[in-house]
Amino acid sequence: MMMGGQQSALNQLVSFLLGVSAAAVLIFFFSSAGGGWSTTTDLSSWANGTVAATAKETNLTSTAAHVEEKANLTNSQAAAAEAAKEEEEKELEKLLAAVADEHKNIIMTSVNEAWAAPGSLLDLFLEGFRAGEGIARFVDHLLIVALDDGAFRRCRDVHLHCYRLAVAGRNFTDEKVFMSEDYLDLVWSKVKLQQRILELGYNFLFTDVDILWFRDPFEQMSMAAHMVTSSDFFVGGAYNPANFPNTGFLYVRSSRRAVGVMEAWRAARASYPGRHEQQVLNEIKRELVERRGVRIQFLDTAHVAGFCSNTRDFATLYTMHANCCVGLGAKLHDLRNLLEEWRAYRRMPDEQRRQGPVRWKVPGICIH
């Protein structure tokens, strides 16, 4: 029995020594091959580094995918914007062809939702054509430019030819305070559209929506003029640049010269920051006349009048502009009264009209 126990113990000792030797060999192998990884800490650090590298690669892949997705979205937005621009251009060309008269003349005005609302300026403007002397036909050649969706919907309710002008980043829905940033962007967007109409080969007569028409204003325009504008103040001489233009009533014939004038006019905005388009035209009018040879006709306020300056005689009146008048309510009040007095004038016998100037009642809120 003693011999068997000794043999068993010897076997256990040999197994233990072999295990220890194998472990030593493995440690030596890893130390030699790994440049000195001799501790559990070294092995743990290696494992953590591998995980960190994998995580970093994953993050980089995710970031690259996000950048690519953003680039694709930007490209998609740019493509959509370009498609919308092309569609807008096609719509404009279609409308111009439908609206133009036989001489390629376009009459145009612009409205926002406040001006286009029922009972507001647009209704009064259209009513003036019906009440005027032989001018109802001009409505067929009128393009109404809507500056917001509300104005466009209302325009479609009352008129056949409506164009939605989009101005990036601007909301023109409400009444705009004179000389506010929105107001300036509004009036300059009008000049840009006018230039495009000229480029497409059409002449335009722009009329502010706060102008009442009574007679045919084309009768007062010279065929020799490149540009015809109403006047805030008329000092005399149809081509005298000392007159003060009012671009709320502006006629321009299409030509290369005319397009160049519009380009120069828009470019001059940068030289006169904070000024509206009429003020800038007043600054550059002499340069246009003297250097570019532009013939600018200034209309006499005896015929194409405004609240700023008029002769108070229905016998000579062609249009009346509610200029020098701030506020939608004030404009509506005075223009409505004027239209009623015009109707009364038209009901007068011819003999009574010929007796002398037929004047309207003043003062109003603005008109004097």
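So if I check each of E263, E219, which one is among the charged types (D, E, K, R) and over 22 Å from L317 (Cβ atoms)?
Exactly one residue qualifies, and that residue is E263.
Looking at S230, S222 in this structure, which one is touching a Gly at 6+ places or on another chain (Cβ under 9 Å) and either in a strand (DSSP E or B) or not aliphatic (A, V, I, L, M) (or both)? Spell out the reasoning first.
On the way: S222 fails: touching a Gly at 6+ places or on another chain (Cβ under 9 Å).
Being touching a Gly at 6+ places or on another chain (Cβ under 9 Å) and either in a strand (DSSP E or B) or not aliphatic (A, V, I, L, M) (or both) holds for just one of S230, S222, which is S230.
Of all the residues that make up the range 250-286, how many are touching a helix residue (DSSP H, G or I) at 6+ places or on another chain (Cβ under 8 Å), among the charged types (D, E, K, R) and either within 14 Å of R196 (Cα to Cα) or not in a loop (DSSP other than H, G, I, E, B) (or both)?
Going through the range 250-286 one residue at a time, the tally reaches 6.
Are any residues in the range 250-275 surrounded by 19 or more Cβ atoms within 10 Å (Cβ to Cβ) and under 20 Å from the mean Cα position of the chain (by Cα), and if so, which ones?
L250, M262, W265
Applying the selection to the range 276-306, what residues are open to solvent by 80 Å² or more (accessible area, probe 1.4 Å) and either among the hydroxyl-bearing types (S, T, Y) or in contact (Cβ under 8 Å) with a residue 60 or more places away in the chain (or both)?
The answer is R295, and nothing else.
For every residue, the table says whether it meets (1) surrounded by fewer than 15 Cβ atoms within 10 Å (Cβ to Cβ); (2) over 30 Å from A264 (Cβ atoms); (3) at pLDDT below 95.
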position: T319; (1), (2), (3): no, no, no
position: V326; (1), (2), (3): yes, no, yes
position: L339; (1), (2), (3): no, yes, no
position: R353; (1), (2), (3): yes, yes, yes
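How many of the residues in the range 118-138 are open to solvent by 40 Å² or more (accessible area, probe 1.4 Å) and in contact with a helix residue (DSSP H, G or I) (Cβ under 6 Å, 6 or more places away or on another chain)?
2
Among the listed residues E93, E102, E88, E69, which satisfies the condition of being at pLDDT 65 or above, exposed (fewer than 10 other Cβ atoms within 10 Å of the Cβ) and charged (D, E, K, R)? Let's see the steps before the verdict.
Numbers: E93 fails: exposed (fewer than 10 other Cβ atoms within 10 Å of the Cβ); E88 fails: exposed (fewer than 10 other Cβ atoms within 10 Å of the Cβ); E69 fails: exposed (fewer than 10 other Cβ atoms within 10 Å of the Cβ).
Of the residues listed, the single one that is at pLDDT 65 or above, exposed (fewer than 10 other Cβ atoms within 10 Å of the Cβ) and charged (D, E, K, R) is E102.
Output the residues belonging to the range 105-117 that are closer than 26 Å to L332 by Cβ and open to solvent by 10 Å² or more (accessible area, probe 1.4 Å).
Listed by number, the residues that qualify are S110, E113, A114, W115, A117.
Before we move on, is A344 within 22 Å of R130 (Cα to Cα), among the small types (G, A, S), part of a helix (DSSP H, G or I) and open to solvent by less than 70 Å² (accessible area, probe 1.4 Å)? Walk me through how you get there before you give the answer.
Numbers: within 22 Å of R130 (Cα to Cα): yes; among the small types (G, A, S): yes; part of a helix (DSSP H, G or I): yes; open to solvent by less than 70 Å² (accessible area, probe 1.4 Å): yes.
Against the criterion (within 22 Å of R130 (Cα to Cα), among the small types (G, A, S), part of a helix (DSSP H, G or I) and open to solvent by less than 70 Å² (accessible area, probe 1.4 Å)), A344 qualifies.
The values are calculated or read from the model by the stated rules, or taken from the named source; none is laboratory data. Since the model is a prediction, treat every value here as computed from it, not as a measurement. In this analysis, Cβ positions are derived from the backbone assuming ideal geometry, glycine residues included, and neighbour counts consider all displayed protein chains. The accessibility values were calculated without ligands, DNA or RNA, using every heavy atom of the protein model including side chains. Shrake-Rupley method; radii C 1.70, N 1.55, O 1.52, S 1.80 Å.
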